[in-house]
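The values are calculated or read from the model by the stated rules, or taken from the named source; none is laboratory data. Every value quoted in this text rests on a predicted model; they were computed, and no experiment measured them. Here the Cβ positions follow ideal geometry from the backbone for every residue, glycine too, while neighbour counts run over all protein chains shown. When the accessible area is computed, the model is the full protein with side chains, heavy atoms only, and any ligands, DNA or RNA have been set aside. Shrake-Rupley method; radii C 1.70, N 1.55, O 1.52, S 1.80 Å.
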Amino acid sequence: MSIKSKWINFKGGMDYMFSGLSARGIKGVIEPIWWGAVFGTGITVASGMIGEAHRDDFSDKFDLQTYGDGALIKLPEDCDVGGYAYLISKKPKGGMELSKGSSAASAVMPIDEQEEVTEDITKCMVVLSEWAMDGNFKFADEFKIATNVTYSEAGNIYDIHDQTNWLRKDIIENGNDVQTLKEFVEAHDDYEEEGDNTALYAAEFGKAASAWVSYVKNKNGNDPYFDSDENIKNVDQYAKYEYDSMTLNQWFGTMGSMGAAMILFGGLSPITRRSAAYGERKAARDEKLAAIKLMEGRDGPIL
């Protein structure tokens, strides 16, 4: 398509849009945008819920071993450790390990990644501990912890579409009870609205610090899940939950496109009545485009 044709089409599109807006008026424009926003928000929420439900709670479908001695920790954003909730849990055949995710599930990490994250979190915990010893708990509204967390052994989530496997632990109980340090302190019966609650803060933070120290002391360097190339060892030994990410993506993509269309073009449908002047301009453009198409490939300027 020639530059002149593209320019004519561009002007035609702009003419179509603005003449449609003028014809429908402000009410005709706002209503579809409002409904499109509602629709788009609903799709976003639904896609998140369905997508997570499709993969979460996989332990309900299998007879997996569960443990009740886990801890979840989520550090302040300034610690720069990815914004995950980290699960401290038992390592198969002894020791403890670290996985990352949310309060619903936690992805198993190769040993090298665990070591790197452990080092970063330890540095942050040292700083927070120093603040705590000084009675400074300015981090209390960001630091989150849950103890006595029940979680499953690792299972394999298999994506049929791209044929990938990834190991994760299902967080079964207490995951939804992840609270900030401030929330834990304020829940105490002896919390004083106008008083000094430093002792309460220190006690609650001490629980989290103890859980982390216990993990660091009891972790070991062997990797029961991955080989040196970070491929899963003996992947068939794990209970496998299959899902198709493409099926979900296609459905959500289609619905999302519908929502976007309602937002962007809801007020600009072909049935909108446009002025006679718009019709005359369109006819003139169509004649020019037809002439350009007829002359394409010929030498000489197009007038």
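Pull up all non-local amide H partners of residue 172: gap of 5 or more, or a different chain, and H-to-H distance under 5 Å with H placed in the peptide plane.
Excluding prolines and chain starts, which carry no amide H, the hits are 150, 151, 152.
Read phi for every residue in the stretch 128-140 and hand back ³J(HN,Hα) as whole Hz from Karplus 6.51 cos²θ - 1.76 cosθ + 1.60, θ = phi - 60°, with x for Gly and Pro.
Those phi angles translate into 4, 5, 5, 5, 4, 5, 8, x, 9, 10, 5, 8, 5 Hz.
Once both labels are modelled 7 Å past Cα along the beta-carbon direction, what's the residue 69-residue 285 spacing in nm?
Distance between the two pseudo-spin positions: 7.2 nm.
Take residue 127 and residue 236, extend 7 Å from each Cα along the Cα→Cβ direction, and tell me the distance between the two endpoints in nm.
Result: 4.8 nm between the two label points.
Hey, can you grab everything whose amide H is under 5 Å from the amide H of residue 96? Only 5+ residues off in sequence or another chain; H modelled, so Pro and N-termini drop out.
91, 219, 220
Leaving ligands and nucleic acids out of the surface, order 281, 168 by accessible area at 1.4 Å, largest first.
Order by accessible area, largest first: 281, 168.
Taking the full set of protein chains and a 1.4 angstrom probe, give the accessible area of residue 161 in square angstrom, rounded to the nearest 10.
Counting only protein heavy atoms, residue 161 exposes about 90 Å² to solvent.
Provide, for q = 0.11, 0.14 Å⁻¹, the log10 of I(q)/I(0) from a solvent-free Debye sum over equal Cα point scatterers in the stretch 97-225.
-0.48, -0.74
Applying the Karplus parametrisation 6.51 cos²θ - 1.76 cosθ + 1.60 with θ = phi - 60° to the phi angles of the stretch 213-226, what ³J(HN,Hα) value in whole Hz is obtained for each residue in order, glycine and proline being reported as x?
Values, residue by residue: 4, 4, 4, 4, 6, 9, 6, 9, x, 6, 10, x, 9, 10 Hz.
Whenever you get a sec, line up 125, 96, 133 from highest to lowest accessible area (probe 1.4 Å, protein heavy atoms).
133, 96, 125
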